[in-house]
Amino acid sequence: MTKLILDLDTGIDDTLALLYALASPDAELIGITGTFGNVSMETGVANDLALLELFGRPDIPVFAGTDHPSWADSFSVMPESGRFHGRNGTGNVEIPACARAKAQALPAVEFLVEALRTNGSDELIVVPTGASTNIAAALEAAPDIVERARIVMMGGALTQPGNVTPFAEANIMQDPEASARLFTAGAQITMVGLDVTTQVKLTREQAEAYRATGTATGAFLSDMLAYYTDVTEEAHPTGVPGCNLHDPLAVASALDPSLIDTFTCDIMVETEGAGRGRTIGDPARVTCPSGRTQVALAVDAERFAERFMERTLAFVRRCP
Ligand code: BDR
Ligand code: CA
């Protein structure tokens, strides 16, 4: 059993990442921390609380995180994020549940520090799937947790172009300065970026299988995925049909690293000019590699897709 903290900007594929974590018998989700990106931090947290209610796990604590990048005083959703995730983060489809629980009083960064102090690195993995702001702030606030922190993040691209600029992936671009600090902090990081997440697709047929469960949860997921698939196929008319399972692949790789093949490489994040947000091998560490960062370069897409559908469908059948 692996304990997980998900740091989400919920978000369509963040919703699926949460669903996968809850549907996985080998995962114990001990908390969700809210970040920004696809939506504002506040909207993401509201989505998390409603989704936990829908999925029958309102007992899982949700912590509000930093609501803006470390390089700015405020945050507004990028037009591309709004296009892909809808104005509410779930493809303009309403989550069919009303949250009874509220976000915890403890700030997300403090929760991360406390959780990383009290759990061994062999027990707990933090999975950020949005801006790196919260996790970078936690490592800075408490240098004693750096050595034990294990992070499997969705973000970046080493062998592929970016998805918001020719160089930058969306999560890194939200706060490149925070990502740059994260990659040099010394924690153990697995970067699950576009190199592999663009290889894992959910087809329209698979998306419709949720509706066939006859549950309100299933109908919600299928409607949300129809929106996501439409917009993905419109944006990439010559690409493989379907939508990308970016964030769920990070969760699945945290639980079962055998799904991916990784390359050990210290990463630097460019923060200036046209390359802002680019994740690239760090020239300053080529001769003195830390060995602490792995980049996923290959994925067993078929095994992941099968497992994703099997676990999530069985879970949705038990939902309202
Ligand atoms: C990442 O950016 C967000 O839009 C998605 O939720 C995912 O985390 C993909 O680049
Ligand atoms: Ca995300």
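The values are calculated or read from the model by the stated rules, or taken from the named source; none is laboratory data. It should be emphasised that the depicted structure is a prediction, and the values quoted were computed from it without experimental measurement. When we count neighbours, we look across all protein chains shown, and the Cβ atoms used for this are built from the backbone with ideal geometry, even at glycine. In case anyone asks, the SASA skips ligands and DNA or RNA and just uses the protein heavy atoms, side chains included. Shrake-Rupley method; radii C 1.70, N 1.55, O 1.52, S 1.80 Å.
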- Message: So, for the chain, what is the accessible surface per residue at a probe of 1.4 Å, expressed in square angstrom?
- Response: 39 Å²
- Query: Which ³J(HN,Hα) values in Hz, rounded to whole numbers, follow from the phi angles of region 311-320 under the Karplus curve 6.51 cos²θ - 1.76 cosθ + 1.60, where θ = phi - 60° and Gly and Pro get x?
  - Reply: 5, 6, 5, 4, 5, 5, 4, 8, 8, x
- Would you mind getting me the FRET efficiency between Glu302 and Asp73? Use the beta-carbon distance for r and R0 = 41 Å, nearest 0.05. 0.35
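About the Cα centre of region 135-274, what is the dipole size in debye to 20, counting +1 per Lys and Arg Cβ and -1 per Asp and Glu Cβ, all else neutral?
Taking the Cα centre of region 135-274 as origin, the dipole is about 320 debye.
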- Item | In nm, spacing of pseudo-spin labels at Glu94 and Glu310 (7 Å Cα→C-beta vector) | 3.7 nm
- Checked against the positive end of the charge dipole of the chain (+1 on Cβ of Lys and Arg, -1 on Cβ of Asp and Glu, about the Cα centre), the farthest of Val45, Ile95, Val231 is Ile95
- Query: Which whole-Hz couplings ³J(HN,Hα) result when phi for each residue of region 46-62 is put into the Karplus expression 6.51 cos²θ - 1.76 cosθ + 1.60, θ = phi - 60°, listed in order with x for Gly and Pro?
  - Reply: 4, 5, 4, 5, 5, 5, 5, 5, 4, 7, x, 10, x, 6, 6, x, 10
- Query: Taking the Cα centre of region 45-153 as origin and charging only Cβ (+1 Lys, Arg; -1 Asp, Glu), how large is the dipole, in debye to the nearest 20?
  - Reply: 300 debye
- Item | Sequence-distant residues sharing a close amide H with Thr2 (under 5 Å, placed H) | Ala27, Glu28
- Item | Cα principal axis extents for the chain, largest first, Å | 57, 46, 39
- Note on the structure: Note on the chain, DSSP bridge orientation, antiparallel percent to nearest 5 equals 30 percent
- Qualifying GluC sites (Glu not before Pro) in region 221-310, DSSP loop, other Cβ atoms within 10 Å at most 10: Glu272
- Task: Give, rounded to the nearest 20 debye, the magnitude of the charge dipole that the chain has about its Cα centre when Lys and Arg contribute +1 at Cβ and Asp and Glu contribute -1 at Cβ.
- Result: 380 debye
- Item | Average Cα contact separation per residue, region 1-154, under 8 Å, 6 or more apart, as relative contact order % | 29 percent
- Using label points projected 7 Å from each Cα along Cα→Cβ, tell me how many nm separate Asp230 and Cys288, to one decimal. 5.5 nm
- Accessible surface of the chain [probe 1.4 Å, protein heavy atoms]: carbon and sulfur percent: 53 percent
- Task: Quote the accessible area belonging to Arg211 in square angstrom, nearest 10, computed with a 1.4 Å probe and with ligands, DNA and RNA left uncounted.
- Result: 90 Å²
- Query: So who's got an amide H within less than 5 Å of the one on Thr190, skipping anything under 5 residues away but keeping other chains? H placed 1.01 Å off N, in plane.
  - Reply: Ile151, Val152, Met153, Gln294
- Query: Measuring from label point to label point, each 7 Å out along Cα→Cβ, what is the Arg87 to Glu147 span in nm?
  - Reply: 5.1 nm
